[in-house]
Every structure is written in structure tokens, then in C-alpha cells.
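**Q** Please read through the structure below; I'll follow up with questions.
The values are calculated or read from the model by the stated rules, or taken from the named source; none is laboratory data. All figures in this text were calculated on a predicted structure; none of them were measured in a lab. Here the Cβ positions follow ideal geometry from the backbone for every residue, glycine too, while neighbour counts run over all protein chains shown. Calculation scope for accessible area: heavy atoms of the full protein, side chains included, ligands and nucleic acids excluded. Shrake-Rupley method; radii C 1.70, N 1.55, O 1.52, S 1.80 Å.
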Amino acid sequence: DRSEFEAANAPSEAAKKVKIGIYFATWWALNVVFNIYNKKVLNAYPYPWLTSTLSLACGSLMMLISWATRIAEAPKTDLEFWKSLLPVAVAHTIGHVAATVSMSKVAVSFTHIIKSGEPAFSVLVSRFILGETFPVPVYLSLIPIIGGCALAAVTELNFNMTGFMGAMISNLAFVFRNIFSKKGMKGKSVSGMNYYACLSILSLALLTPFAIAVEGPQMWAAGWQTAISQIGPQFIWWVAAQSVFYHLYNQVSYMSLDEISPLTFSIGNTMKRISVIVSSIIIFHTPVQPINGLGAAIAVLGTFLYSQAKQ
Ligand code: 3PG
């Protein structure tokens, strides 16, 4: 009978919800810590290409050590796997460095307000590049997303074009990354955690030569002296924290992507941005005008309408 059936299945359903809940809460908390240390580092040391590279290097190293010491089981991969990972890694690298460049130019909250417009990019890419169509309410939900982001952008006190474009490029790149990764993880012999580890390693290989070309060791060394003299030796811990937390939050997000639909993932991601926007405004005393906040709120609300419409 139905109630018996429900009773028998209740614990596992509930357990699954608790598990996803723990993943989400961990993901958001790690992400808030990452965003704070990343911005503290960028304020003292404005070399986003290097800090993006260090985040990937740190994650790659952590995973290589975990595999070598068998804390985590190394994935069995072949050339096919790495080939299919390449487009994901290209998108991940572009999205990551663009977001970091953005945050080096504008407030963390502003970058994340623009990044809350990611669902709009997802719909536009799916529609115009993949030829997928959606029900009308999905398109309508783009109006508050795009309108809210636009309102927040034009009323932003410290608007900067590079900061704005960086967040927009990151949105576009991450839409491709998410589409490719969910596909790549589908026939999976590789877990979410190891998939993200391989992604870090490949992205690190792609990003390093560009970081050297754009910024380079000379700038890094000179800037490092200045940062250490201003902040003191604890500056190195800030760099370590931004790098470690970058890997951890992404790893947890890929572990959850493994278990949930891309839609649930994107709702979780938007809720993550609310916690980042609010906490970074408090911590960095970011000035916000009411109209600016209204734009952000409309954009975030639009994302919720989008998720409802898509369901
Ligand atoms: C990055 O550095 O990759 C960005 O902060 C990523 O942003 P997201 O994971 O919040 O989309």
C-alpha cells in the first residue's frame, strides 16, 4: 500500500536530500571564504592571471598528492577522456581567468551580480547555437534577469568596463563548460571529484603560458615585494587560502553536479551568489545605492522565475 511504500522509501529520499543540503551549504561556505581571500589578495596584489593560475596549481597538487597517497583513488583515464575534456578545460580556463580579472577591477558583489545573469546566457546559447527551444515563460524570465543586471550595472558607483566584460565573458564561458561537463560526466567512469581534478590539471597547462605572457615573473616579483611590505608575512597565507578554497568549493560543486540536474545546480549556484554578494558587501564595506541593490534583487528574482519556468 502507498503509505507503506512511502514509509519504506522515506529514509533514503530524506537521506539524499540531507546529503545534497550538506553539499550545497559546504559549497556556498567555501565559496564565500574563497571570494573574500581572493579579493584581499587582489587588492594588495593585482595580478589576476597569476592568482588564477595558483588556484589551479594548488588544486592540481592537492589531487596529485591525494592520488599518490591513496587518500583518493586515481581515475583510470585514456587519451579519449583527455581529448573530450579539452573543450571543457578551455571553457573553464577562460571563465575562471575572466572572473578573476573582473574581480581585480570591480567589487566582488558587482562581479557576482553580473554573474547571476548566467541563466540568460544559458538560454541564449541553447537557443541560437544548439537550436533548442523553450516555453515562452522561460524567455519572459530573461527580462528581469537582463533588466536587473543592466540596472545594477548602470547604477554601479565604481563601474569599470574590464570588470563588466570579464564577468560577461565568464558567464558565456561557464555556460559552455557546464554543457560540456554534464555531457562528459554522463557515461562516466570518473567521479565528480576526479573529473574536476583532471579539469584543473588540464586548465593549469592551458593557462600557465598565457599568464606568463600577459603578466610574467618580473611583474609578479616586484608586486610581491610591495604586497609583503604592505601586508606583512601573513600575505602568503591569504594567497594560500584563496588557492585552497578555490579548489575545495569547485570540487564540492562538481561532486554535487554528479548527483543533481544542471537546473538544480544552477539554482544552487544563484543562491550561492546571494551569500557572496551579501557577505562581501559587509566585509569590504562596498557602497551600494538603493537603486543598485534593487537591480541586483530583480536579477536574482529573475533567476528564480527562470528556474520555475524551466521546471
Ligand atoms: C572564478 O574565479 O572561477 C570565479 O570566481 C568563479 O565563479 P563561480 O564559480 O562563482 O561561477
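**Q** From the list 203, 170, 181, pick out the single residue that is open to solvent by less than 40 Å² (accessible area, probe 1.4 Å), touching a residue at least 60 places away in the same chain (Cβ under 8 Å) and more than 16 Å from residue 84 (Cα to Cα).
**A** 170
**Q** Here's another thing I want to ask about it. If you check 268, 302, which single one turns out to be more than 16 Å from the ligand (Cβ to nearest atom), open to solvent by less than 60 Å² (accessible area, probe 1.4 Å) and touching a residue at least 60 places away in the same chain (Cβ under 8 Å)?
**A** Of 268, 302, the one residue that is more than 16 Å from the ligand (Cβ to nearest atom), open to solvent by less than 60 Å² (accessible area, probe 1.4 Å) and touching a residue at least 60 places away in the same chain (Cβ under 8 Å) is 302.
**Q** Which of the residues belonging to the range 64-97 are touching a Gly at 6+ places or on another chain (Cβ under 8 Å) and within 16 Å of the ligand (Cβ to nearest atom)?
**A** Answer for the range 64-97, where residues must be touching a Gly at 6+ places or on another chain (Cβ under 8 Å) and within 16 Å of the ligand (Cβ to nearest atom): just 88.
**Q** Here's another thing I want to ask about it. Determine the pairs where a residue that is in contact (Cβ under 8 Å) with a residue 12 or more places away in the chain and open to solvent by less than 10 Å² (accessible area, probe 1.4 Å), located within the range 78-103, has a partner that is among the small types (Gly, Ala, Ser) and away from the ligand (no atom under 14 Å from the Cβ) with Cβ atoms under 9 Å apart, the partner being 6 or more residues away or on another chain.
**A** Close Cβ pairs satisfying both conditions: 85/184; 88/184; 89/205.
**Q** Taking the range 271-280 only, how many residues are crowded, with 19+ Cβ neighbours inside 10 Å and either of a type in the set (A, V, I, L, M) or closer than 24 Å to residue 17 by Cβ (or both)?
**A** Summing the residues that are crowded, with 19+ Cβ neighbours inside 10 Å and either of a type in the set (A, V, I, L, M) or closer than 24 Å to residue 17 by Cβ (or both) in the range 271-280 gives 4.
**Q** Could you list, in sequence order, the residues of the range 149-158 that are within 9 Å of residue 292 (Cα to Cα) and open to solvent by less than 90 Å² (accessible area, probe 1.4 Å)?
**A** Across the range 149-158, the qualifying residues are 151, 152, 153, 155, 156.
**Q** Between 170, 189, which is assigned to a helix (DSSP H, G or I) and polar (S, T, N, Q)?
**A** So the residue among 170, 189 that is assigned to a helix (DSSP H, G or I) and polar (S, T, N, Q) is 170.
**Q** Further question on the same structure: Do the conditions hold for residue 140, that is, is it surrounded by fewer than 24 Cβ atoms within 10 Å (Cβ to Cβ), part of a helix (DSSP H, G or I) and more than 22 Å from the chain's Cα centre (by Cα)?
**A** Yes: the conditions hold for residue 140.
**Q** Now a separate question. What's the number of the only condition in (1) assigned to a helix (DSSP H, G or I); (2) at pLDDT 90 or above; (3) of a type outside the set (Lys, Arg) that residue 268 fails to meet?
**A** (2)
**Q** Now for a different question. Quickly run through the range 34-92 and pick out the residues that are within 18 Å of residue 192 (Cα to Cα) and of a type in the set (Ser, Thr, Tyr).
**A** If the condition is that a residue be within 18 Å of residue 192 (Cα to Cα) and of a type in the set (Ser, Thr, Tyr), then 60, 66, 77, 84 are the ones that fit.
**Q** With within 22 Å of residue 155 (Cβ to Cβ) and open to solvent by 30 Å² or more (accessible area, probe 1.4 Å) as the only criterion, which of 290, 262 stands out?
**A** Testing whether each residue is within 22 Å of residue 155 (Cβ to Cβ) and open to solvent by 30 Å² or more (accessible area, probe 1.4 Å) leaves just 290.
**Q** Does the range 213-233 contain at least one residue that is in contact (Cβ under 8 Å) with a residue 24 or more places away in the chain, of a type in the set (Gly, Ala, Ser) and over 15 Å from residue 40 (Cβ atoms)?
**A** The answer is no, given that none of the residues of the range 213-233 is in contact (Cβ under 8 Å) with a residue 24 or more places away in the chain, of a type in the set (Gly, Ala, Ser) and over 15 Å from residue 40 (Cβ atoms).
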